[in-house]
Number of protein chains: 2
Amino acid sequence: MLKEERQHIILEKIQANNKVHSSTLSEILNVSEDTIRRDLKDLAEQGYIKKVHGGAMANPNLPKAKIDHNISKQTERTIIARKAASMIEDHQVIVLDGDLTNLMLVESLPKDLNLTVFTNSLRIASLLCEYELVETIFLGGRVSRQTQSTMGMEVINSLSDIHADFSFLEINSLHEELGITDGDRENAFIKKSIIKSSSQVIALCLSDDIGNIQPFKVGQINWVHSLITDLDPDDPKLNRFRNKGIDLK
Amino acid sequence: MLKEERQHIILEKIQANNKVHSSTLSEILNVSEDTIRRDLKDLAEQGYIKKVHGGAMANPNLPKAKIDHNISKQTERTIIARKAASMIEDHQVIVLDGDLTNLMLVESLPKDLNLTVFTNSLRIASLLCEYELVETIFLGGRVSRQTQSTMGMEVINSLSDIHADFSFLEINSLHEELGITDGDRENAFIKKSIIKSSSQVIALCLSDDIGNIQPFKVGQINWVHSLITDLDPDDPKLNRFRNKGIDLK
DNA sequence: TCAATATCTGCACATATACGCACAAAAACA
DNA sequence: TGTTTTTGTGCGTATATGTGCAGATATTGA
């Protein structure tokens, strides 16, 4: 019997009875209780169930927004997220757009930070619910299934009514002359609005995306105040941006 | 019997009767009174109940999050959610507020439904991303950590700009004379706005909550078009609503 | 006040769990 | 193909947890 298969059966049992005993599972599935316990631990860590002494129960808190760590370029993104997180301090007001790196940024934040965050990402907003001192304001609008974030005029409207200290934007294409571009028209609009609504723009950019050009213009290169990449700030590849007075992290 | 399981049963007993005696619990659950006392102590420390000499009472100022958090009444909620889901048809425009039963409603929806949904619940919006044909519009605003849904003026503003065919509202307190009330002022506001923004109001109400009165008024009883409970529609307990012309499901 | 109950404390016992280890099966790699 | 690495499993042991019991103490209500 495959591990996954077993865990599936366990989940079904829990859904049906709301609880399971390790001992009965061990009997039914013909594996040691140790194995069952390991399965339960797995499932609990993934948030599917709640482990208790003697077995497990259905998870009372629902599907938490979780980050699947099978993201491409995970290492690079982690580096960027950490650098970005270290720039955030108590009492700042920031905007986080709905891209992956920002999600990882939130994961790297210390839990005792006192912040005001504007975001259009369902997952970021969900994650931030675990931060006692963070005031989250969600930018409403039409929800895009792919990104689990809101889009459209309503988001732009809401953004026009706010002002933040910093915005953190994942940039898919950063070119020294043509500036920031994006492959999605709506996304480009949103990013542009976010930039306009904040004093300082922190661009999060994978080094592979430097030099890219995409169809929709977001903004000029000098709109970026700081550029965070997975490279060392002194890396020669970044020279072309250093010369433009952009603060490299 | 698992400890957690026992404690759930105790919680449900308390929610139903508002009080319990250690001695009767010991009898029902077949454990020593010592164990019951330890359970009650646990639950009291977590803030779910108030321990008193001889047993325990419901905690009068139990934060709303704790109630949701606790899967009690899961069976009842499932019944309600299923009935509600069966009322939803292709091409409808509906509003779902952020309460637990609505989340379960979404879980019971067939995946091929073609809908427009307005919601202020992060979890509902997230779930709906799995529905190819559902257009979700999220009502932005300040995010409440406990409920993972947005609150405040912005939500009310957004609601004033929309109109839906149906709204599904979880009702915590439904009284034949005093109508719908709620224990939370903001929540009451939101519910009132949702009602105003839709042609028909479908009230989802646990049978235990019928007859309750809470401090903040949401609306009159005749604002409700359909009432879905965990009871049979012909149950005599519902007569007082039948007489008012409310459609019982 | 007294008697009846409820509660607390320390203890013993059974059971569940974590940890390190060994070993087999599967997967990755040269 | 054969070899190395990873993953999954079971076992023994030390530890932690949950439970019931006895005796001391506190609370309740007449």
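The values are calculated or read from the model by the stated rules, or taken from the named source; none is laboratory data. Because the structure is predicted, anything quoted here is derived from the model rather than measured. FYI the Cβ positions are ideal-geometry reconstructions off the backbone, even for glycines, and counts take in every protein chain you see. We work out accessible area using only protein heavy atoms, side chains counted, and drop any ligands, DNA or RNA first. Shrake-Rupley method; radii C 1.70, N 1.55, O 1.52, S 1.80 Å.
One table, with the values for the structure above:
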read-out: Estimated translational D of the range A:160-201 in µm²/s (Stokes, Kirkwood radius over Cα pairs; 25 °C; 0.890 mPa s); value: 225 µm²/s
read-out: Cα gyration tensor, the range A:3-58 - rounded (a/c under 1.5), prolate or oblate; value: rounded
read-out: Ascending list, in nanometres, of distances separating the A:Ser32 label from those of the other copies (7 Å, Cα toward Cβ); value: 3.3
read-out: In Hz, Karplus ³J(HN,Hα) per residue of the range A:113-122 (6.51, -1.76, 1.60; θ = phi - 60°; x = Gly, Pro); value: 7, 9, 9, 10, 10, 9, 8, 10, 9, 4
read-out: Choice from A:His175, A:His163, A:His21 with maximal GNM fluctuation in chain A (Cα, 10 Å cutoff); value: A:His21
read-out: Computed label-point distance, nm, for sites A:His53 and B:Asn157 using a 7 Å Cα→Cβ extension; value: 5.2 nm
read-out: Interchain or long-range residues, amide H under 5 Å from A:Glu170's placed H; value: A:Asp97, A:Asp99, A:Leu204
read-out: Max mean-square fluctuation residue, GNM over chain A, Cα-Cα springs under 10 Å, options A:Asn17, A:Asn172, A:Asn222; value: A:Asn17
read-out: Contour minus Cα-Cα distance for A:Asp165 and A:Gln46 (0.36 nm per residue); value: 39.3 nm
read-out: Averaged over A:128-140, number of beta-carbon atoms from partner chains that fall within 10 Å; value: 5
read-out: Summed buried accessible area for B+A [probe radius 1.4 Å, Å², rounded to 100]; value: 2800 Å²
read-out: Mean separation of Cα contacts under 8 Å, 6 or more apart, over the residue count of chain A: relative contact order %; value: 13 percent
read-out: For the range B:74-248, share of DSSP beta bridges that run antiparallel, in % to the nearest 5; value: 30 percent
read-out: Gain in span if fully extended, B:Thr75 to B:Gln146, counting 0.36 nm per residue against the direct Cα distance; value: 23.3 nm
read-out: Sorted largest first, extent of the protein assembly as shown alpha carbons per principal axis (Å); value: 79, 58, 43
read-out: Residue-wise HN-Hα coupling along the range A:203-214, computed from phi with Karplus coefficients 6.51, -1.76, 1.60 (Hz; x: Gly, Pro); value: 8, 9, 9, 5, 4, 5, 8, 6, x, 5, 9, 10
read-out: Antiparallel %, DSSP beta bridges [both residues in the protein assembly as shown], to 5; value: 45 percent
read-out: Label-point gap, in nm, between B:Gln220 and A:Asp235 - each point 7 angstrom along Cα→Cβ; value: 6.8 nm
read-out: Kirkwood hydrodynamic radius of the range A:74-248, Cα pairs, Å; value: 16.0 Å
read-out: Beta bridges per DSSP with both ends in the range A:2-152, % antiparallel, nearest 5; value: 55 percent
read-out: Selected from A:Lys13, A:Lys73, A:Lys196 as most flexible by GNM, with chain A as the system and alpha-carbon contacts under 10 Å; value: A:Lys13
read-out: B:Thr24-B:His91 pseudo-label distance in nm [points 7 Å out on the Cα-to-Cβ vector]; value: 5.4 nm
read-out: Per residue value of the accessible surface for the protein assembly as shown (all protein chains in place, 1.4 Å probe), Å²; value: 46 Å²
read-out: Solvent-accessible area, 1.4 Å probe, carbon plus sulfur percent, for the protein assembly as shown; value: 47 percent
read-out: Rel. contact order, % - alpha carbon contacts under 8 angstrom, at least six apart, the range A:129-200; value: 30 percent
read-out: For A:Gly211, inter-copy label distances in nm, listed shortest first [label point 7 Å out on the Cα-Cβ vector]; value: 7.6
read-out: Calculated label separations, B:Gln46, copies of the chain, 7 Å along the beta-carbon direction, nm; value: 2.4
read-out: Cα-derived Rg over Rh, computed across the range B:8-167 with Rh taken as Kirkwood radius; value: 1.10
read-out: Placed amide H near A:Thr136: partners under 5 Å, 5+ positions off or other chain; value: A:Val117, B:Val143
